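These notes concern the structure reproduced below.
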Amino acid sequence: MSEYNFAYLDEETKRMIRRAILKALAIPGYQVPFASREMPMPYGWGTGGVQVTAACLIPEDRLKVIDQGADDTTNAVSIRQFFEKTAGVAVTEETARASLIQTRHRIPEMPLTEDQILVYQVPIPEPLRFLEPRETETRKMHALEEYGLMHVKLYEDISRHGTISTAYAYPVRVEGRYVMDPSPIPKFDNPKLSDCPAIQLFGAGREQRIYALPPYSRVVSLDFEDHPFEASKADADCALCGAGDSYLDEVIVDDAGGRIFVCSDTDHCRARRAAGHLGAEGAPYEEADA
Amino acid sequence: MYVAVKGGERAIDNAHAWLAEERRGDRDVPELSVAQIREQMTLAVNRVMAEGSLYDPDLSALAIKQARGDLIEAVFLIRAYRTTLPRFGATQPVDTGTMRCERRISATFKDAPGGQVLGPTFDYTHRLLDFALAAEGEGPAPASEAPARAGDVPHVAGFLGREGLIQPEPPVDGVPPDLTRQSMELPASRALRLQALARGDEGFLLGLAYSTQRGYARNHAFVGELRIGAVAVEMEIPELGFTIELGEVVLTECETVNQFTGSKTEPPQFTRGYGLVFGQTERKAIAMALVDRALRWKDLGEEDRGAPAQDEEFVLMHCDNIQATGFLEHIKLPHYVDFQSELELIRKLRREAGEGREAAE
């Protein structure tokens, strides 16, 4: 791949993206338009995240890529290989050892540090999009801080279902100003957005937007005093490592519909098993399955 | 005991190997060459060049071969390659009046200077499968040739312009925006709209254009002129201080003449829609012209009839097939996490609804 620049994008494109990132960090939660490039993977596969990662990577970085919390999901593998090939950076599956983590749909269970950057892949950056399909309108609504429509939607949920019926991509308010889409992470992850020591960057390639949370930003999940936000997960423990406080995937294990729950964050689960924790269905930890 | 599924990496490698084998097909059948595709699948090559927005018949043919004939996939390959190309500068605007037309027809005048030239068209073929093509053998006899017509072919709309019957197109100063280098900003200028339409999906534009004909913002279009042929591409080289010809590209240009009875701001006159596309791509060029005309309602002081083809944001944000196919197809990627959160929500709502019913009984 020597015919391509470090991390694939040319330096001028990276500069354009870095400018957008800096602007996004200066205005937390605000969606900065950027001239997204056509990448060699399809829109919807994380082209926004890939461009942000490409613009941030330096040769000394150690990259981790997860999709659904797992390092070995097909698209995570594919993106990690892309940067191994085009940037030659070191990669890791261990959250603690990564300097840059690109993620789709999850925030790692392990708390992040000031030395890390978390890059989210974002399909629809506009939290108001499903209430108002027009970009020309939603930009105005953000400018005027006109978020009544969102609160009405949440209120209608409660009046109809007794609860807010948004389970992922749960809207947040950043530093008391912009309402922001945290990307389709489960609302279980929302509390981790706030007061996070790491830089959090959000890239939406097809929609040509970048937004950001600088370290230690105050991020509040929208709710009502009498219906407070509640992070939720399956009411079970991980069958492999026994964790009771991590986000779980449900796995169907037999024809009769028998199911178990396992950690969605594969590195978290591995580390716990390595430390000797064992769930109901788990095998004792061996180096080989790391 | 449960062992979590692993092996994404091996699965990908194996899938790619299988894909390569399927692309080749039965090895007892000779392999297609890129040149064969370029020469015999020309209209597919043209479509890929147009929507890929890169004029290169060889690369386009290669992309079609690699994509197993999936033209949107081929367009994607070309687009991804195109973004990596350095930009040397911009060419002079091409002058389609100097086009060496191989096809040129007008539906509004029986004859006009330059004449009606049918060219290589399907228009009057009878759509009967030609089983002779299935038999390998001698190709068709060469078509008869007339001497090339000398001189430029004037635009039909120009004749209406002389009488002031058609709305003029005042020249626009300044460098047009480049939608591949800037994010789309709405409302868009006409230059940006035409750019987006020129690389937009043929099927999407065809459907939209058809909808205007059926009454969703009907704009009474006639094909004032449709011309296909080669035009010279010229560029001014700053070091030289003059313009040199870089080569030729084949273009399809369609200018529609649309009836218009006037509005509060504009007198009764004919108006225009414009389509310009790489290669011989006339369905696309006509569709583009109709959609362009529908999108001009604001400039002409027309009524917004709420039709899809009049809605700039709707049209421009959804006409790109690479964006559309990416987002459409991405829903086959893993969504376990989101689905899990939905599962829990639905279970909770059902539990609460059940409790509510019990309490009521």
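The numbers here are math on the coordinates, done by the rules we state, and not lab data. None of the values given here were measured: they were computed from a predicted structure. Cβ sites come from the backbone with ideal geometry, for glycine too, and all protein chains shown count toward neighbours.
Quick notes
- Scaled against the 2.2 N^0.38 Å expected of a compact globular protein of N residues, the Cα radius of gyration of the protein assembly as shown reads 1.12.
- Chain B: C-alpha gyration tensor shape, a/c 1.5 cut-off, then a/b vs b/c: oblate
- Farthest positive-ward along the stretch B:12-82 dipole, Cα basis, beta-carbon charges - from B:Ala50, B:Ile64, B:Leu32: B:Ala50
- Kyte-Doolittle mean at least 0.5 and Cα axial length at least 20 Å: DSSP H helices in chain A: none
- Farthest toward the positive end of the dipole of the stretch A:233-281, out of A:Ile260, A:Gly242, A:Ala275, is the Cα of A:Ala275, where the dipole comes from beta carbon charges about the Cα centre.
- Applying a threshold of 23 Å to the alpha-carbon distances of A:Lys85/A:Lys187; A:Lys23/A:Lys233; B:Lys264/B:Lys284; A:Lys187/B:Lys348; A:Lys64/B:Lys65; A:Lys14/B:Lys284 flags A:Lys85/A:Lys187; A:Lys23/A:Lys233; B:Lys264/B:Lys284; A:Lys64/B:Lys65; A:Lys14/B:Lys284 as lying beyond it.
- Base-10 log of normalised Debye intensity for the stretch A:11-221 (one unit scatterer per alpha-carbon) at q = 0.13, 0.14, 0.18 Å⁻¹: -0.69, -0.80, -1.30
- Percent RCO, i.e. relative contact order, over chain A, from Cα pairs under 8 Å lying at least 6 residues apart: 20 percent
- Local charge for A:Gly148 was computed over the other residues whose Cβ lies under 14 Å away, with Lys and Arg +1 and Asp and Glu -1, and equals -2.
- Only the Cβ atoms of Lys and Arg (+1) and of Asp and Glu (-1) were treated as charged; on that basis the dipole of chain A about its Cα centre amounts to roughly 1080 debye.
- Dipole of the protein assembly as shown computed with +1 at Lys/Arg Cβ and -1 at Asp/Glu Cβ about the Cα centre; of B:Thr325, B:Gln269, B:Leu206, farthest Cα towards the positive end is B:Gln269.
- 222 nm mean residue ellipticity, helices alone, for chain A (DSSP H n ≥ 4; -39,500 (n - 2.57); rounded to 500): -8000 deg cm²/dmol
- For the stretch A:19-93 versus the stretch B:254-299, the gap between their alpha-carbon centres in whole angstrom: 42 Å
- Taking B:Ala324, B:Ala217, B:Ala132 in turn, the Gaussian network model of chain B (Cα-Cα springs below 10 Å) assigns the largest fluctuation to B:Ala132.
- Dipole in debye (nearest 20) - the stretch A:177-290, about Cα centre, beta carbon charges: Lys, Arg +1; Asp, Glu -1: 600 debye
- With the biggest extent put first, the Cα atoms of the stretch B:6-125 measure 69, 41, 23 Å across the principal axes.
- Cα-centred dipole magnitude for the stretch A:1-152, charges only on beta-carbon of K, R (+1) and D, E (-1), debye, nearest 20: 280 debye
- Its DSSP H runs of at least 4 residues, each contributing -39,500 (n - 2.57), put the calculated 222 nm mean residue ellipticity of chain B at -12000 deg cm²/dmol, to the nearest 500.
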